[in-house]
Each structure stands twice: as structure tokens, then as C-alpha cells.
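The values are calculated or read from the model by the stated rules, or taken from the named source; none is laboratory data. Bear in mind the structure is a predicted one, so any value in this text is a computation, not a measurement. Every residue, glycine among them, receives a Cβ derived from its backbone with ideal geometry; neighbour counts consider all protein chains shown. Calculation scope for accessible area: heavy atoms of the full protein, side chains included, ligands and nucleic acids excluded. Shrake-Rupley method; radii C 1.70, N 1.55, O 1.52, S 1.80 Å.
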Amino acid sequence: MNYFDRVFSELNNMFYGEGGYKNFPLDLIEVENGFLVIAELPGVKKEDIKMTFESGILTIEADRKKDETAKYLINERDTMHLKRNINFGDIHEDKMEAKLENGLLQIKIMTKVPEEKPKRTITIE
């Protein structure tokens, strides 16, 4: 998927969601040797977040739940399943790092540097 396809896909997801799931805002920042994803997940616990990487696509899923033991007088915050997909292509899957702090999920992603192959002379028979 090229750059413009990725941008269009992300814009489409921002407005329409995917498969009926709610989206959440995120930033994708290009940094040296990779990317930094910062996703807003206020009120979501670490154990309620699932991240997978398959075929170049990072999927972030989270469940915002309410406290079942609380006696709500007003309950305006939605419980929902949140989901986003981001296409990265070829990255170092084993070098991904994630942390959740103050409702922000930060994921560091390292891109693979393409190997330079030496110039080869081809003989004509």
C-alpha cells in the first residue's frame, strides 16, 4: 500500500470507522529509524488493550468498560469496543515497544533498512 492509499485509508477510518467499531484519535509521527504512534485511550486499562501485527498491519483494539460494582447516578460515558488499523509494511516486529501513561498509548516502531546489494556484472553468452 503506497503513501496516498494509507492516508486515504486513515481519513476514511476517521470519519466512518470500520466494521461498526468506534475509532479513537491517534498521531503517527515519523522519527529517526521509524515511527511513533500516540493513541488517545482515556479510561482504558492496560489489560483491556490488545495489539497485533500481521502482514504489515498494526491493529490496536481496546474495550472501554464501566465499573459494574458502581451505583451510577449519571452514566454518560459510553462503553465500547475501539479499533484502529495502521499499515506499516516492513518493520522490525521484535523491536516494537509500547507504554500506556495518562490515557496515551505510545508505540515505538523501528523500520527495516533495505539492504544494499553490490552491483553485479552479467556476462553475455
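The table that follows gives values for the structure above.
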{"read-out": "Condition broken by G89, with the remaining ones in (1) open to solvent by less than 60 Å² (accessible area, probe 1.4 Å); (2) part of a strand (DSSP E or B) satisfied", "value": "(2)"}
{"read-out": "Positions within the stretch 103-121 being open to solvent by 100 Å² or more (accessible area, probe 1.4 Å) and more than 17 Å from L58 (Cα to Cα), in sequence order", "value": "V113, P114, E115, E116, K117, P118, K119, R120, T121"}
{"read-out": "Residues of the stretch 54-66 that turn out to be open to solvent by 100 Å² or more (accessible area, probe 1.4 Å) and more than 20 Å from L100 (Cα to Cα), as a count", "value": "2"}
{"read-out": "Candidate set from the stretch 72-83 (those that are open to solvent by 90 Å² or more (accessible area, probe 1.4 Å) and among the aliphatic types (A, V, I, L, M)); member that is farthest from V37 (Cα to Cα)", "value": "L73"}
{"read-out": "Qualifying residue in the stretch 84-94 (condition: among the charged types (D, E, K, R), modelled with pLDDT of 85 or more, under 19 Å from V37 (Cβ atoms) and in contact with a helix residue (DSSP H, G or I) (Cβ under 9 Å, 6 or more places away or on another chain))", "value": "yes"}
{"read-out": "Yes/no for L100 being modelled with pLDDT of 95 or more, more than 10 Å from the chain's Cα centre (by Cα) and open to solvent by 40 Å² or more (accessible area, probe 1.4 Å)", "value": "yes"}
{"read-out": "Flag if T69 is open to solvent by 80 Å² or more (accessible area, probe 1.4 Å), modelled with pLDDT of 85 or more and not in a strand (DSSP E or B)", "value": "yes"}
{"read-out": "In the stretch 5-50, the residues that are open to solvent by 60 Å² or more (accessible area, probe 1.4 Å), within 17 Å of A62 (Cβ to Cβ) and at pLDDT below 65", "value": "M14, G19, G20, Y21"}
{"read-out": "Cβ-Cβ under 9 Å pairs, at least 6 apart or on other chains, the stretch 67-86 side more than 15 Å from E40 (Cα to Cα) and of a type in the set (S, T, Y), far side assigned to a strand (DSSP E or B) and open to solvent by less than 100 Å² (accessible area, probe 1.4 Å)", "value": "T79/D63; T79/R64"}
{"read-out": "The one condition in (1) within 15 Å of the chain's Cα centre (by Cα); (2) farther than 14 Å from I60 by Cβ; (3) at pLDDT 85 or above that I124 fails to fulfil", "value": "(1)"}
